[in-house]
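Enquirer: Below is one structure. I have some questions about it.
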Amino acid sequence: MKILLLISSFNSLSQRVFCELKEFNYEVRICLSSQENLIEEIKEFNPSLIFCPFLKEYLKEDITSNYPTFILHPGIIGDRGHQSLDHAINDEKKQWGVVILKANEELDAGDIYASSNFFMRDTSKASIYRNEVCDATSKALKELLINLKNREFKPIPQIKNEIHPRLTQENRKIEWEKDTSQEIIKKINMSDSYPGVKEEFFGITCFLYGVHKESSFRGKPKEIIAKRDGAICVGTIDGAIWISHLKEENRFKLPATYVLKEKLKGVKEQRIPLILENKEETFYEIYVKREDEIAYLYFNFHNGAMNSEQAIRLKYAIDFLKENCKVLVLCGGEEFFSNGIHLNILEDSKKQGEDGWSNINAMNDVVKSILFAEDIITVASFSKNSGAGGVFLGLSCDYTIAKEGVVFNPHYKTMGLTGSEYHTYTFYKRVEKSIADEILTKTIPIGSKRAKEIGMLDEVYKEEEYEQNLKKFCQALIEDEDSFETFIEEKSDFLFENEAKIELCKENELKIMYPEFWDKSSIFHKLRNEFIYKKEHKESLERLKELSNA
């Protein structure tokens, strides 16, 4: 079957759908709904069906009338209109879902061919979208493909409720003298990652993202009473909240302290331990769960990006835990495992070459700490998507485990970088050179099933059984003391014999990367700017065509 993915952006959901359809051996092509020659592209491919997992624009009648076209709507049966997740969070729905509708002339009014529901967590819209919505879409898509082959299947008529209104900034506006902490958290959560909550601090108009409850500090409503690792703590009528990121109008998202800068003079940096042992109601990024001699290390950096300072803290956390466990499991964050260096901070920097160079070297130090952890066994737990240097951070572990449905983007080329993080050692150690070269040059996203086939992963577990099987896998590594000691001895000998070779891989990577950061005419600076400001360019269209043929 020939399936055309018609999308507004190749986001995390679109990538997961693409990878899973490819794993099912369908012939898949990607088209951006905004491209000028869209109708011609569709006619040329002549798809059996069109699927739209992420679509902002209305479809023209000459598409829907000539090709079976199905639209993913992130809402339950009877929900219609844009901003469905915003409304679900605002209305405090306990259960939500996705439906796949047949496209017709009415918005979200077509017959329903598949659906999947899920329980709502008390978290941000972005987190629900990247987790529950993606998982539910995968289930619904499989159901759709089965139903289309079943001649006796009859779709469910959509319940034509009224289209819910668009939520404006007036609906999202924080009333600091009236709203409780929980009400403020809900407003920011339902607006994250778009459009954010519009606000003003010290005369700076900005949008708020990344909210966390604070249980100890108190302050006057809207008073900034503390800062920590880039976030600001703001007083409310019944306590305080943390806001991790701000975005000035017509700019891009940055840690809050990067936006407010000298305006925060006199605001105290409220530090916490390097690694929290227990989850607390405050803002923190690194914490650990211990089970006997196994340490599960979480590093929940916003959007999976890691700046130099965050990388340094992560390295110190790893170095500390290496002395206190037998198995160290890298678990990443709530939305991503890791996506490598922090592009937004580099874009904001007045010393882009210097800060970029610092960032990549700090990332390399994290990887080195993992690679040369000779006294313990390291495991990467890819329960979330990962990209660029974040993939190779995980591949530096002794074992790699992933959840079914996770998507990897193990390449740097779309940013004009060749990359480091010891990838010329870790990637080629696991994956056949011709396959690895193709992934790096064609910038191919890979699903967990394909990643295991080519050797990137040691195990892939189903979503429902993931945590249980991960723990069993890790516990098995230390159950037999003799086997553990043998593994450590062999690992130590290997690292002693190959340290120079491994380090040379990194040094050669950095030699190539040096001008990519320091040369002001480097394509990296142009592509990073286009990515951060979400500018569409011809190269992205060509890349999506190449992916279709990969």
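Enquirer: Within the stretch 118-245, what whole-number % of the accessible surface is contributed by carbon and sulfur, with the 1.4 Å probe and all protein chains included in the calculation?
Expert: 50 percent
Enquirer: Which helices count as membrane-span-like in the chain under these terms: full DSSP H, at least 27 Å along the axis by C-alpha, Kyte-Doolittle mean of -0.5 or more?
Expert: 352-371
Enquirer: Per residue, how much accessible area does the chain have with a 1.4 Å probe, in Å²?
Expert: On a per-residue basis, 46 Å².
Enquirer: If each residue of separation counts as 0.36 nm, what is the full-extension length gain between TYR316 and MET1 once their alpha-carbon separation is subtracted? Write down the numbers at each step before the final one.
Expert: Values: separation 315, 0.36 × 315 = 113.40 nm, distance 5.06 nm.
Between TYR316 and MET1, full extension yields 108.3 nm more.
Enquirer: Ok, one more. Can you tell me the relative contact order of the chain? Whole percent, Cα pairs under 8 Å, sequence separation 6 or more.
Expert: Across the chain, relative contact order equals 10 percent.
Enquirer: If you place +1 on the Cβ of every Lys and Arg, -1 on the Cβ of every Asp and Glu, and leave all else neutral, what size is the dipole of the stretch 165-277 about its Cα centre, to the nearest 20 Debye?
Expert: It comes to approximately 180 debye.
Enquirer: Heavy atoms only, probe 1.4 Å: what % of the accessible area of the stretch 272-358 goes to carbon and sulfur, would you let me know?
Expert: 47 percent
Enquirer: If you take every DSSP beta bridge fully contained in the chain, what fraction is antiparallel? Give it as a percent rounded to 5.
Expert: If we restrict to bridges inside the chain, about 55 percent are antiparallel.
Enquirer: Tell me which label goes with the value of volume of the Cα convex hull per residue in Å³ computed from the coordinates here: (i) 198; (ii) 147; (iii) 156.
Expert: (iii)
Enquirer: Give the percent of DSSP beta bridges with both residues in the stretch 382-509 that are antiparallel, rounded to the nearest 5. Let's see the in-between values first.
Expert: On the way: 2 of 8 bridges.
Around 25 percent of the beta bridges assigned by DSSP in the stretch 382-509 are antiparallel ones.
The values are calculated or read from the model by the stated rules, or taken from the named source; none is laboratory data. Just so it is clear, the model here is predicted, and its values are computed rather than measured. Cβ sites come from the backbone with ideal geometry, for glycine too, and all protein chains shown count toward neighbours. Quick note on the areas: whole protein, heavy atoms, side chains included, nothing else; ligands and nucleic acids left out. Shrake-Rupley method; radii C 1.70, N 1.55, O 1.52, S 1.80 Å.
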